Amino acid sequence: MVVRELDNSKKVKSFVYRGHTAQVTVAKFSPSGCYVASADVRGRLRVWSYDNEEHLCKLDLSSAMTGPIRDISWDMDSKRLVIVGEGSNTDSSSVCAKVIQWDTGVKVGDLGQHARNKASSCAFKPNRPMRIVTGGAEDFTLHLNAGPPFSRVSVVDGVPAESCHTRGAIHCVRYNKQGSLVASVGTDKSIVFYDGKTLALVKKMENVHDASIYSCAWNDDGTQILTCSADGTVKIISVETFDIIRSWNVATLIAADHGANMITKVPLGGMMMGCAYVHGDIPVAVGLNGHIAVLDDEVEFLTGHQAPISCMSIHEESSVMYTGDSDGVIVQWDISTGKAINIQGDHNMDNGFDETLMNKVHTGAITGVSIIDGKLLSIGWDDKLRFTESSMMVSAADLQAQPNAIATGNRIAAIMTVNGILLVKGNQIISEMDLSYEAASICVSSDDAKLYVGGRDNIIHVYAIDGNCLTEIHQMSGVHQQPIYSLALSNDGKMLASADVRDVVVWNIDCNYETIVGKSRWCFHKQRINALAWSQDDNFLVSGSNDDSIFVWCLKKKTTRIEYAFAHRGGVTGLRFINHSDGYILVSVGADACVNMWDLTDDIRNKFS
């Protein structure tokens, strides 16, 4: 879960909560703002503190529900929770809706259950008398529950009005803050308003959108309701007149933001999946492609990765960074603010603009990005090399083998494939060389004179680059006892750092490749080391691993280290120091789809003097 501040005057500030081990489906702040209730696809419910630095967990129910939990709602006192989702069809004790005490998990009554044991949404009345409304995922009905202890209210003369929707699912149910009205939206493209206490029908608006309505949200004073739909639009409805007073075609806005003047059909990525009001009256909507649209006076799009980030590259002159992920998406970032300023994918498709708006540059996972001569080079498991300039793909090349890494010098790029090494200059592949061993990492000197290849044979192979030719001139062996997964040259070109699953080794390549830091000295990682990076002054080396940690090493104090544990859930995949006049700023990326910026200055000064 990401909690992000929407303040344009500052750098991006956010908090990432990593308490779940499965995909998170819902998270809700308590009315007091002190706690967050979150749930995942495995039916796990956690209630954790937000208003202190340690974010302690108050309640952890590993099997609050047998299937995915789809929605959560707090009561007005921040003491009770209603959760809905998917129960089991074979276990008679399994339920799809329940209400519990927030601190003990004890049930507070028995809620009405929905067909096929599936519920999709719920809402707690924000004042007394207490009511809970739940919506079905299969039976397109609502259930009203009164309490505590809570139980389903029987239908008498059509009240509660449980069956106002005609088909499909109830996607969202929400009370206004006054508790006077509750609204529901669903597959039948209708918005239905009910009395908040009795669930008596107040008004039904049909065909508000051209496709399923996925979410709705009330503004602070309860006079307007916001809706979003699979038709790519977001609308505001006045509850006083039941008229649409404002509408945005967000899918078209996203397309225009990516350079397309029009789209011929509703794009998959442009389907609006969720909406909310922030600051009381600013509407926000999120699309299937992950774009968050802040629909203020000027529409602003917030975006980033939704899949593990596998690689990164920084262009210092323009203060721009590129990151690629396992979905085939490349994001361009402004380092000075930390904001994503562009998604590369929509401009890079072979057939022009990608009308799905899913932003994929490569149809497979991206395994490397690098910048050379002002062009962005990217490789992926679709076995393609793509050249991008000014956000437009200028050319592409088919590769004969799966590429796994790319490294650049001054004018030459080297691509490591499962078969061997490719040299690239300009927009062309100038040389191909098969290897007798399997390569695991690669590095090119800044003067384009040497190529270093770390092998699964536990040897670093050194090649001289002469025009289009590669000639092996040396082997650095006898130190590593495991495959070499990462290489990094110092900025002055005199030292080479290498790493395997345990050891980080530093070599003096100007003195007959002698070791400065040998085996079993820097050996505190527990899993494969994926990334190495040197500080600008070459005094410090950082390493990142699949064990989620980042270590900072000092050449002048080899027995001292700094550890940042739990830096990225799932592992660190990329590291890079950026130029800073008065300190050490590190950028890291990882399998948690996050880009982190670290100020190491104080820690380095305190630890290494």
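The values are calculated or read from the model by the stated rules, or taken from the named source; none is laboratory data. Because the structure is predicted, anything quoted here is derived from the model rather than measured. Note that each Cβ is placed from the backbone with ideal geometry, even for glycine, and that neighbours are counted across all protein chains shown.
Couple of notes before you dig in:
- For the criterion of being farther than 24 Å from Gly232 by Cα, at pLDDT 95 or above and either in the same structural domain as Lys28 (by TED's automatic domain parsing) or touching a Phe, Trp or Tyr at 6+ places or on another chain (Cβ under 9 Å) (or both), Val185 fails.
- Within this structure, Val192 fails the test of being touching a strand residue (DSSP E or B) at 6+ places or on another chain (Cβ under 9 Å) and either touching a residue at least 40 places away in the same chain (Cβ under 8 Å) or of a type in the set (Lys, Arg) (or both).
- Residue in region 321-334 that is more than 30 Å from Gly33 (Cβ to Cβ), in contact with a Lys or Arg (Cβ under 7 Å, 6 or more places away or on another chain) and assigned to a loop (DSSP other than H, G, I, E, B) present: yes
- Check on Gly33, crowded, with 20+ Cβ neighbours inside 10 Å and at positive phi: no
- Residue count for region 556-607, restricted to those that are assigned to a loop (DSSP other than H, G, I, E, B), in contact with a Cys (Cβ under 8 Å, 6 or more places away or on another chain) and in contact (Cβ under 8 Å) with a residue 40 or more places away in the chain: 1
- Verdict on Ala27 being modelled with pLDDT of 95 or more and not in a loop (DSSP other than H, G, I, E, B): yes
- Hey, His474 at pLDDT 95 or above, in a loop (DSSP other than H, G, I, E, B) and more than 32 Å from the chain's Cα centre (by Cα) or not: no
- Test for Cys511: is it loosely packed, with under 14 Cβ neighbours inside 10 Å, farther than 20 Å from Phe551 by Cα and assigned by TED's automatic domain parsing to the domain that holds Trp534: yes
- The one condition in (1) part of a strand (DSSP E or B); (2) under 37 Å from the mean Cα position of the chain (by Cα); (3) farther than 17 Å from Val99 by Cβ that Asn145 fails to fulfil: (3)
- Selected residue (only one of Val239, Val278, Val266 is at pLDDT 90 or above and surrounded by 14 or more Cβ atoms within 10 Å (Cβ to Cβ)): Val239
- Scanning region 58-93 for residues that are buried (at least 17 other Cβ atoms within 10 Å of the Cβ) and farther than 18 Å from Phe29 by Cα gives Ala64, Met65, Thr66, Gly67, Pro68, Gly85, Glu86, Gly87.
- Flag if Ala340 is under 20 Å from Val208 (Cα atoms), surrounded by fewer than 23 Cβ atoms within 10 Å (Cβ to Cβ) and not charged (D, E, K, R): no
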